[in-house]
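S.K.: There's a structure below that I have some questions on.
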Amino acid sequence: MRQGWRWFGPEAPVTLDEVRQVGATDVVSALHEVPIGAVWTQAAVEARRDLIETTPPGRVPLRWSVVESIPIPDAVKRTGAEARGEIESWIASLESVAKAGIGVVCYNFMPVVDWCRTELDHVIETGATAMRFDIETFAAFELHILERPGAERDYTDGERARARTRFEAMGEREVADLTRNIASALPGSTTEPMTIPGFRDRLAQYGGVDAARLRRHLVEFLQAVAPAAEALGVKLTLHPDDPPRPLFGLPRVASTAEDYAALFEAVPSSANGMCLCTGSLGVRPENDLPAIARRFSDRIHFAHLRNTRREADPRTFHESAHLDGDTDMVAVLRELVAEDRRRERGQTIVFRSDHGHRMLDDLAKEVTPGYPATGRMRGLAELRGVLHALGHPPEGTWARPGP
């Protein structure tokens, strides 16, 4: 297995030398500056690749091995195959990625909002901070800030009463922070920032899109792009919904093992794969992560290894330390190692630690929410230790072959 690290580009607080220092060999990145739906040019992709991979003398070489993500335009999620122009542009970006020698693309199919949290710096018992999704605070946002039509039907009388009490206790600053966290696109999101009126408008555009229709649109998208990916030698890896359940009255269709099974049956192409995000899937108690890793082992080409802990109301959760949450990470890694050993050298699974705690000197620094250096370094070190204990230490340095 190969140790990846998400890097947000030249302006990111974490430098490429710091990526080397934490022990990662593979970079997970994207052209975040390109507008959603615009084509990634080959020149732009190669320039970013060269920035990552052109190693100063004496430095450990890095490889840009995973693109996360080429955003899928909203029109594709709402209309499926009818969004021909948007799908063709996505394939053009995929071609640029493949020509640059990058073999894995991660993407998601979450409508309107990407990953969602109500708190970015929830103080935990160590004094570090973690991201958190609190269902009561989320309900307060839906019912009293966004004022989504019909939202009251998704909550019981007691839940609505608690949400009102929660909202009435918020000051202006907390309302603004909560709105920014939910509506203004978290780092790495493949959605764009929204105002509250814009948010309502986007939700309205999904009128009539239920789970069956959204799944059909995902299948239509893959039926169009998977043959191109297969011909180009690129693996497409679908990231799970985060949280893995409907939000804002919208369906989500990558939340369970059966969601993925249906997708692989509908589009059996070898390019149609999975990003195993243990944190996202682990929020649902019924998702057995080791079993999912075993069942879909040959479809897993990329893994986000992080952990979450459900609270008294299991819809509320926070990011835990990588080995301390509800998911048995050792058991998951055992399954990934078994699959990794079956593959030829050069086809190993890239994994990255994800959503580390904000801790130590990162508490006093400006950091990318969810992606502080120290917390992710701790997680990567823990995962690396497990791999050594399993007799499968991560692969080391890598050099791109010559022409």
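The values are calculated or read from the model by the stated rules, or taken from the named source; none is laboratory data. Everything quoted here is computed from the prediction, not taken from an experiment. Ideal geometry is used to build each Cβ from the backbone, glycine not excepted, and the neighbour counts take in all protein chains shown. These area figures cover heavy atoms from the full protein model, side chains too; ligands, DNA and RNA do not enter into them. Shrake-Rupley method; radii C 1.70, N 1.55, O 1.52, S 1.80 Å.
S.K.: Can you name the residue in segment 138-149 that is open to solvent by less than 10 Å² (accessible area, probe 1.4 Å) and of a type outside the set (F, W, Y) and is also nearest to R310 (Cα to Cα) among such residues?
M.R.: The residue in question is A139.
S.K.: How many residues are open to solvent by 60 Å² or more (accessible area, probe 1.4 Å) and touching a residue at least 12 places away in the same chain (Cβ under 8 Å) when one looks only at segment 221-234? Can you show your working first?
M.R.: Of the residues in segment 221-234, the ones open to solvent by 60 Å² or more (accessible area, probe 1.4 Å) are 223, 227, 230-232.
Checking the rest, the ones that are also touching a residue at least 12 places away in the same chain (Cβ under 8 Å) come to 223, 227, 230, 232.
The number of residues fulfilling the criteria is 4.
S.K.: Sticking with this one: Search segment 235-251 for residues being charged (D, E, K, R) and open to solvent by 20 Å² or more (accessible area, probe 1.4 Å), and hand back the single one that is farthest from E136 (Cα to Cα). Talk me through it step by step, then tell me what you get.
M.R.: Of segment 235-251, the ones charged (D, E, K, R) are 235, 241-242, 245.
Filter once more, keeping what is open to solvent by 20 Å² or more (accessible area, probe 1.4 Å): 235, 245.
Numbers: K235: 39, R245: 16 Å.
Among residues in segment 235-251 that are charged (D, E, K, R) and open to solvent by 20 Å² or more (accessible area, probe 1.4 Å), the one farthest from E136 (Cα to Cα) is K235.
S.K.: Quick one: which residue in L333, L323 is under 20 Å from the mean Cα position of the chain (by Cα), open to solvent by 20 Å² or more (accessible area, probe 1.4 Å), farther than 14 Å from L281 by Cβ and touching a residue at least 24 places away in the same chain (Cβ under 8 Å)?
M.R.: Values: L333 fails: open to solvent by 20 Å² or more (accessible area, probe 1.4 Å).
Just one listed residue meets the conditions, L323.
S.K.: Check whether at least one residue in segment 114-121 is polar (S, T, N, Q), touching a helix residue (DSSP H, G or I) at 6+ places or on another chain (Cβ under 8 Å) and not in a loop (DSSP other than H, G, I, E, B), and report yes or no. Can you show your working first?
M.R.: We begin by selecting, within segment 114-121, every residue polar (S, T, N, Q); these are 118.
Narrowing further to those that are touching a helix residue (DSSP H, G or I) at 6+ places or on another chain (Cβ under 8 Å): 118.
Narrowing the set further to residues that are not in a loop (DSSP other than H, G, I, E, B) leaves none.
Within segment 114-121 (the criterion being polar (S, T, N, Q), touching a helix residue (DSSP H, G or I) at 6+ places or on another chain (Cβ under 8 Å) and not in a loop (DSSP other than H, G, I, E, B)), the answer is no, since none of the residues qualifies.
S.K.: Given the residues V39, V27, which is the only one that is open to solvent by less than 50 Å² (accessible area, probe 1.4 Å), modelled with pLDDT of 95 or more and either in contact with a Leu (Cβ under 7 Å, 6 or more places away or on another chain) or more than 15 Å from G101 (Cβ to Cβ) (or both)? Talk me through it step by step, then tell me what you get.
M.R.: On the way: V39 fails: open to solvent by less than 50 Å² (accessible area, probe 1.4 Å).
Result: V27 is the single residue among V39, V27 that is open to solvent by less than 50 Å² (accessible area, probe 1.4 Å), modelled with pLDDT of 95 or more and either in contact with a Leu (Cβ under 7 Å, 6 or more places away or on another chain) or more than 15 Å from G101 (Cβ to Cβ) (or both).
S.K.: Cβ-Cβ under 7 Å, sequence separation 6+ or interchain: first residue in segment 42-55 and in contact (Cβ under 8 Å) with a residue 12 or more places away in the chain, partner of a type in the set (D, E, K, R) and part of a helix (DSSP H, G or I). Which pairs?
M.R.: Q42/K99
S.K.: Taking segment 192-211 only, how many residues are open to solvent by 20 Å² or more (accessible area, probe 1.4 Å) and not in a helix (DSSP H, G or I)? So that I can check it myself, show each step before the final result.
M.R.: We begin by selecting, within segment 192-211, every residue open to solvent by 20 Å² or more (accessible area, probe 1.4 Å); these are 192-198, 200-205, 207-208, 210-211.
Right, trim to not in a helix (DSSP H, G or I) and you get 192-195, 207-208, 210.
Qualifying residue count for the region: 7.
S.K.: Could I ask something else about it? For segment 58-86, what are the residues that are modelled with pLDDT of 95 or more, open to solvent by 10 Å² or more (accessible area, probe 1.4 Å) and assigned to a helix (DSSP H, G or I)?
M.R.: A75, R78, T79, A81, E82, R84, G85, E86
S.K.: Looking only at residues that are touching a residue at least 40 places away in the same chain (Cβ under 8 Å) and within 21 Å of F221 (Cα to Cα) in segment 274-307, which one is surrounded by the fewest Cβ atoms within 10 Å (Cβ to Cβ)?
M.R.: Ranking the qualifying residues of segment 274-307, first place goes to I300.
S.K.: Would you point out which residue out of A151, A161 is in contact (Cβ under 8 Å) with a residue 60 or more places away in the chain and not polar (S, T, N, Q)? Outline the logic, then answer.
M.R.: Values: A161 fails: in contact (Cβ under 8 Å) with a residue 60 or more places away in the chain.
After applying the criteria, what remains is A151.
S.K.: Can we say R160 is among the basic types (K, R), closer than 30 Å to Q347 by Cβ and not in a strand (DSSP E or B)? Walk me through it before giving the result.
M.R.: Working: among the basic types (K, R): yes; closer than 30 Å to Q347 by Cβ: no; not in a strand (DSSP E or B): yes.
Here the answer is no, as R160 does not meet what is asked.
S.K.: So if I check each of T327, T368, which one is among the β-branched types (V, I, T), touching a strand residue (DSSP E or B) at 6+ places or on another chain (Cβ under 6 Å) and within 27 Å of V14 (Cβ to Cβ)? Working first, answer last.
M.R.: Numbers: T368 fails: touching a strand residue (DSSP E or B) at 6+ places or on another chain (Cβ under 6 Å).
Residue meeting the stated conditions: T327.
S.K.: Let me ask something else about it. Select from segment 310-336 the residues that are among the basic types (K, R) and within 28 Å of V67 (Cα to Cα) and list them in ascending order.
M.R.: R334
S.K.: Can you tell me which residue is nearest to the chain's Cα centre (by Cα) among those in segment 1-11 that are of a type outside the set (D, E, K, R) and open to solvent by 20 Å² or more (accessible area, probe 1.4 Å)? Quick ask: steps written out before the conclusion?
M.R.: Pass one, segment 1-11, residues of a type outside the set (D, E, K, R): 1, 3-5, 7-10.
Okay, now just the ones that are also open to solvent by 20 Å² or more (accessible area, probe 1.4 Å), so 8, 10.
Values: F8: 13, P10: 20 Å.
Across segment 1-11, the extreme among qualifying residues is F8.
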